Amino acid sequence: MSDVYDVAVVGAGPAGLSAALNLVRARRRVLLIDSNRPRNSATLLSHGFLTRDGISPLELRKLGREEFLGYEGAEHRQTLATAIRTTEDGFEIDCEFRGAASSATARVVLVSTGLHETLPDVGSLRAFYGTYVHSCIECDAWGKRDQPIAVIGEHPDLAERALLLSQWSDDIVAFTNGADIVTASEESRLASRGIRVERRRVAAIQGDREGMHGVELADGEVVARTAGFVRPTWSGALEYVAPTGAELDADGLLVVDDHGRTSVQGLYAAGESTAPGPQQLIVAAGSGARVAATINRDLVGGVEHLGDAVQ
């Protein structure tokens, strides 16, 4: 069993790093698998993480890896997990990175990878995403306080997001991009907070190197705005988990119990791989620490006594 890790953690975001750190401190032999291609790579600064408010997300990941690797039994492999399969020893993880294939065997696996993120089809949106336009309100609204804000979305939660943003600004326009997603009662409630609903399609985000200037509509009108929040479409990036047969929910995320156990014995999940999906960094880190404690307790009883899988 010398070539078998106690735990393979797939994904080195806050959830995976937190779990890996706690597990290696529990004297577990831990393999951390990650390609270093995070979903929030477009974001220059991350916020709301205790003692690290305003740090670059990439720097936060770097510090986390360094802390993890400071312990005996820690190993990091920069690669991409392509398939996870059950074996007699637990799980085999196939990996590939820049044409180099590798594999690893672990008694248990923690899935903590992120999400696929698809932005609305709006011109120049990607160019301003992460600087002047964001998706996480709790993370970035403070930096846009008191500015004219655009809230763009094609999902039924647009009204809720616009109302939430009224805590930071009293100049908000909600853009549906032509989607019929705001009800009459919701529009009335938004109006009571001074929020206008714009139902025409959005053509592009207007701006330059100095910043965002406005939202251009399909008919050419430009609504002056200096900041924006957009609702992407998120979906699980869990194709590599499919060989295990683990149960997924309607959003393509892993179904887990209250302790992070999936429907497959020995397979766990934390962070954005589980409902509700997108999370603040500190929330994801807490999820990883909680599931790590469960894994360690389950392993104490031996492989044959691992916690019951989700039924």
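Please treat every number below as a calculation from the coordinates, not as lab data. Just so it is clear, the model here is predicted, and its values are computed rather than measured. FYI the Cβ positions are ideal-geometry reconstructions off the backbone, even for glycines, and counts take in every protein chain you see.
Against the longest alpha carbon principal axis of the chain, how many degrees, from 0 to 90 and to the nearest 10, is the axis of helix 57-69 turned?
10 degrees
So if each residue of separation counts as 0.36 nm, and I subtract the Cα-Cα distance between Ala100 and Asp3, what length gain in nm does that give?
That pair, Ala100 and Asp3, stretches by 33.0 nm at full extension.
Taking the Cα-to-Cβ direction at Ala191 and at His213 and moving 7 Å from each Cα, how far apart do the two end points lie in nm?
3.2 nm
How about the chain: what cysteines have no other cysteine beta carbon under 4.7 Å from their own?
Within the chain, the cysteines lacking a partner Cβ under 4.7 Å are Cys95.
For the chain, modelled as a GNM with alpha-carbon contacts under 10 angstrom, which of Ser112, Ser103, Ser235 fluctuates the most?
Among Ser112, Ser103, Ser235, the largest mean-square fluctuation in the Gaussian network model of the chain belongs to Ser103.
Looking only at segment 143-179, which residues have a backbone nitrogen under 17 Å from a spot 7 Å from the Cα of Arg201 in the C-beta direction?
153-155, 175-179
Would you mind getting me the FRET efficiency between Ser124 and Arg27? Use the beta-carbon distance for r and R0 = 51 Å, nearest 0.05.
Efficiency computed from Cβ-Cβ geometry: 0.50.
Can you work out ³J(HN,Hα) from phi for every residue in segment 81-91, in order, using Karplus 6.51 cos²θ - 1.76 cosθ + 1.60 and θ = phi - 60°, giving whole Hz and x for Gly and Pro?
So the Karplus estimates, Gly and Pro as x, are 5, 10, 6, 10, 10, 6, 9, 5, 8, x, 9 Hz.
How far apart, in nm, are two points set 7 Å out from the Cα along the Cα-to-Cβ line at Trp142 and at Val283?
1.6 nm
Magnitude of the Cβ-charge dipole of the chain, K/R +1 and D/E -1, about the Cα centre, nearest 20 debye?
Value, rounded to 20: 640 debye.
Amide H to amide H under 5 Å from Ala83: which residues, 5+ apart in sequence or cross-chain, H placed 1.01 Å off N in plane?
For Ala83, whose amide H was placed from the backbone, the distant partners under 5 Å are Asp94.
Could you state the angle between the C-alpha long axis of helix 281-300 and the longest principal axis of the C-alpha atoms of the chain, as a value from 0 to 90 degrees rounded to the nearest 10?
Once rounded, one gets 20 degrees.
For the charge dipole of segment 148-234, defined by +1 on Lys and Arg C-beta atoms and -1 on Asp and Glu C-beta atoms about the Cα centroid, which residue among Ser192, Val222, Val173 has the Cα displaced farthest towards the positive pole?
Of the candidates, Ser192 comes out farthest on the positive side.
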